[in-house]
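Step one of this worksheet: look at the structure below.
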Amino acid sequence: MSTIPIGRRVEVEVPATSANLGPGFDSLGVALDLNNSCSFESVQRPGVSVEVVGEGAGRLPTDERNLIVRSLDLGLKRLGQQVVGLRLRAVNRIPASRGMGSSSAAIVTGLIAAHALARPDEEFDPAEWLGLADEIEGHPDNVAAALYGGLVVAYRPLTPGGLDLGAGAAAGVVGVHPDVRLLALVPSTPLGTELARSVLPEAVPHRVAAANAGRAALLVHALSQAPELLFEATADWLHQNHRADVMPQSAVTLRALRQHGIPAVISGAGPTVLVIGTPDQIEEAETVPTEGFVPVRSGVGVGARVVAAGTAPTGA
């Protein structure tokens, strides 16, 4: 196993993401133009030093347990590389445990940094890393959106013969209509993904599955070509109602927005509420009372990227 040269440095940015977008459960994801940034330096002193600024400061692990560090380690091992010591500084702007892809951002941060440290002269290919990111996260929609940016449709490839779902993950990227805007309504109270998933039923009636499949297909069309259909396209019967009891404030806010004809959904596992609409719909959404939520306007974001790279004068 090769060792990363002492003093090699990279800085990466990774976007917040929203998954599901209403009917597209565990398949549709979109990147927001809100980013976490993280700098890495390979140093002579063995071990890991982590500084966290912003969201999660004082709560997130600052050693080998940190999700960025664990993902980086898995990425380096995949490439047959290791570091003697590592110093990193994470500046977190993505709210944690709010359904905005903070864990996916951490995973992708570690993986893109591993590639940049180990192969500084090679272009980063999201397709090469989506499978590992999905393996770490457990579902592909957020990590795919973080890797590729824009709107993605994530899926699991079929097994040989095409009769069942196989391992790994893949994604298609869909162009988003220029009139589409995003508004995240972020509550002060977090909600863990495990709890949000635990309340979902094991099975649903065929008519529910069929209705959601139709709306998910319509949503791709609405986001790419016909934003006037976004209200119809964001209807969901598969998961949001089942989660209402564990995020009652979000459920009330979602209902209020949709009663005004505003295309609103629960962002990922919640509890953030996401409005996906035209500029006029975003402005109207901001007039609806949403006490306890912080509004964050956003466009559609770009994927993870290296923003700086080089070698430190000394790798102390």
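What follows is calculated from the coordinates using simple rules that are stated; it is not laboratory data. Since this is a predicted model, take the numbers as computed values, not measurements. Using ideal geometry, Cβ is built from the backbone for each residue, glycine included, and neighbour counts are taken over all protein chains shown.
How about the range 12-69: which of its residues are in a loop (DSSP other than H, G, I, E, B), buried (at least 22 other Cβ atoms within 10 Å of the Cβ) and touching a Pro at 6+ places or on another chain (Cβ under 9 Å)?
Within the range 12-69, just Gly22 meets the criteria.
Quick test for you: out of Glu232, Glu123, Glu228, Glu202, pick the one residue that is under 27 Å from Ala304 (Cα atoms) and charged (D, E, K, R). Explain how you work it out, then say what you get.
Details: Glu232 fails: under 27 Å from Ala304 (Cα atoms); Glu228 fails: under 27 Å from Ala304 (Cα atoms); Glu202 fails: under 27 Å from Ala304 (Cα atoms).
Of the residues listed, the single one that is under 27 Å from Ala304 (Cα atoms) and charged (D, E, K, R) is Glu123.
Can you tell me which of Arg89, Arg98 is buried (at least 17 other Cβ atoms within 10 Å of the Cβ) and basic (Lys, Arg)?
Arg98
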Among (1) surrounded by 16 or more Cβ atoms within 10 Å (Cβ to Cβ); (2) of a type in the set (D, E, K, R); (3) in contact with a Pro (Cβ under 7 Å, 6 or more places away or on another chain) - the single one Glu286 does not satisfy: (1)
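Taking the stated definitions as given, is Leu219 buried (at least 18 other Cβ atoms within 10 Å of the Cβ) and assigned to a helix (DSSP H, G or I)?
Numbers: buried (at least 18 other Cβ atoms within 10 Å of the Cβ): yes; assigned to a helix (DSSP H, G or I): yes.
It is true that Leu219 is buried (at least 18 other Cβ atoms within 10 Å of the Cβ) and assigned to a helix (DSSP H, G or I).
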Breaking point among (1) hydrophobic (A, V, I, L, M, F, W, C); (2) touching a Lys or Arg at 6+ places or on another chain (Cβ under 7 Å); (3) under 29 Å from Ile112 (Cα atoms), for Ile276: (2)
Selection from the range 125-137 of residues that are closer than 19 Å to Gly150 by Cα and buried (at least 19 other Cβ atoms within 10 Å of the Cβ): Pro126, Trp129, Leu130, Ala133, Asp134
Subset of the range 172-189 (residues that are under 18 Å from the mean Cα position of the chain (by Cα) and without any contact (Cβ under 8 Å) to a residue 60 or more places away in the chain): Gly172, Val173, Val174, Gly175
Residue in the range 289-316 that is farthest from Pro248 (Cα to Cα), counting only those that are among the polar types (S, T, N, Q) and surrounded by 15 or more Cβ atoms within 10 Å (Cβ to Cβ): Ser298
Criterion (surrounded by fewer than 21 Cβ atoms within 10 Å (Cβ to Cβ), without any contact (Cβ under 8 Å) to a residue 12 or more places away in the chain and in a helix (DSSP H, G or I)) met by exactly one of Ala210, Ala203: Ala210
Selected residue (only one of Ala96, Ala127, Ala114, Ala167 is free of Cβ contacts under 8 Å to residues at least 60 places away in the same chain, part of a loop (DSSP other than H, G, I, E, B) and more than 10 Å from the chain's Cα centre (by Cα)): Ala167
Residue within the range 104-115 that is of a type outside the set (S, T, N, Q), more than 18 Å from Ser2 (Cα to Cα) and surrounded by fewer than 18 Cβ atoms within 10 Å (Cβ to Cβ) present: no
Residues of the range 34-70 that turn out to be of a type in the set (Ser, Thr, Tyr) and within 22 Å of Arg98 (Cα to Cα), as a count: 2
Tally, over the range 234-292, of residues that are among the polar types (S, T, N, Q) and assigned to a strand (DSSP E or B): 0
